[in-house]
1. Just for segment 7-21: of the residues that are among the aliphatic types (A, V, I, L, M) and part of a helix (DSSP H, G or I), which one is surrounded by the fewest Cβ atoms within 10 Å (Cβ to Cβ)?
2. Since M24 meets every condition but one in (1) assigned to a loop (DSSP other than H, G, I, E, B); (2) open to solvent by 80 Å² or more (accessible area, probe 1.4 Å), which condition does it not meet?
3. Take the residues of segment 42-61 that are part of a helix (DSSP H, G or I) and open to solvent by less than 60 Å² (accessible area, probe 1.4 Å): which is farthest from M7 (Cα to Cα)?
4. Please go through segment 27-41 and pick out each residue that is out of contact with any strand residue (DSSP E or B) (no Cβ under 9 Å at 6 or more places or on another chain) and part of a helix (DSSP H, G or I).
5. Determine the pairs where a residue that is closer than 17 Å to D53 by Cα, located within segment 8-27, has a partner that is polar (S, T, N, Q) and open to solvent by less than 40 Å² (accessible area, probe 1.4 Å) with Cβ atoms under 8 Å apart, the partner being 6 or more residues away or on another chain.
6. Return yes or no: is E39 open to solvent by 40 Å² or more (accessible area, probe 1.4 Å), at pLDDT 90 or above and acidic (D, E)?
7. Being within 20 Å of E57 (Cβ to Cβ), outside any loop (DSSP other than H, G, I, E, B) and modelled with pLDDT of 90 or more is the requirement here; does A4 meet it?
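The values are calculated or read from the model by the stated rules, or taken from the named source; none is laboratory data. It should be emphasised that the depicted structure is a prediction, and the values quoted were computed from it without experimental measurement. Using ideal geometry, Cβ is built from the backbone for each residue, glycine included, and neighbour counts are taken over all protein chains shown. Only protein heavy atoms, including side chains, enter the accessible area calculation; ligands, DNA and RNA are left aside. Shrake-Rupley method; radii C 1.70, N 1.55, O 1.52, S 1.80 Å.
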Amino acid sequence: MKIAKEMTIGEVIRKYPQAARILMGFGMGCVGCPSAQAETLEEAAQVHGFNIDDLMEALNKVIP
């Protein structure tokens, strides 16, 4: 697994720009907002009300 739930949204976008569309598909339109630089994927899942395991599976499918 290349992306971990402890990574911040900003870190994921910097390393894997293609992940932005997955995050937005999960309702995270905040991928470019300042809080995305410090919020982890796990924290975002809690705030936005979706399952972190589903997100991790989707993200890691698009990473080569």
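1. The initial filter retains those residues of segment 7-21 that are among the aliphatic types (A, V, I, L, M), namely 7, 9, 12-13, 19-20.
Those left that are additionally part of a helix (DSSP H, G or I): 9, 12-13, 19-20.
Details: I9: 24, V12: 23, I13: 18, A19: 24, A20: 15.
Out of the qualifying residues, it is A20.
2. (1)
3. First, the residues of segment 42-61 that are part of a helix (DSSP H, G or I): 42-48, 52-61.
Still in the list and also open to solvent by less than 60 Å² (accessible area, probe 1.4 Å): 44-45, 52, 55-56, 58-60.
On the way: A44: 11, A45: 12, I52: 12, L55: 13, M56: 11, A58: 15, L59: 12, N60: 13 Å.
Among them, the one singled out is A58.
4. Step one: list which residues in segment 27-41 are out of contact with any strand residue (DSSP E or B) (no Cβ under 9 Å at 6 or more places or on another chain), which gives 27-35.
Scanning segment 27-41 gives P34, S35.
5. T8/T40; I9/T40
6. no
7. No: the conditions fail for A4.
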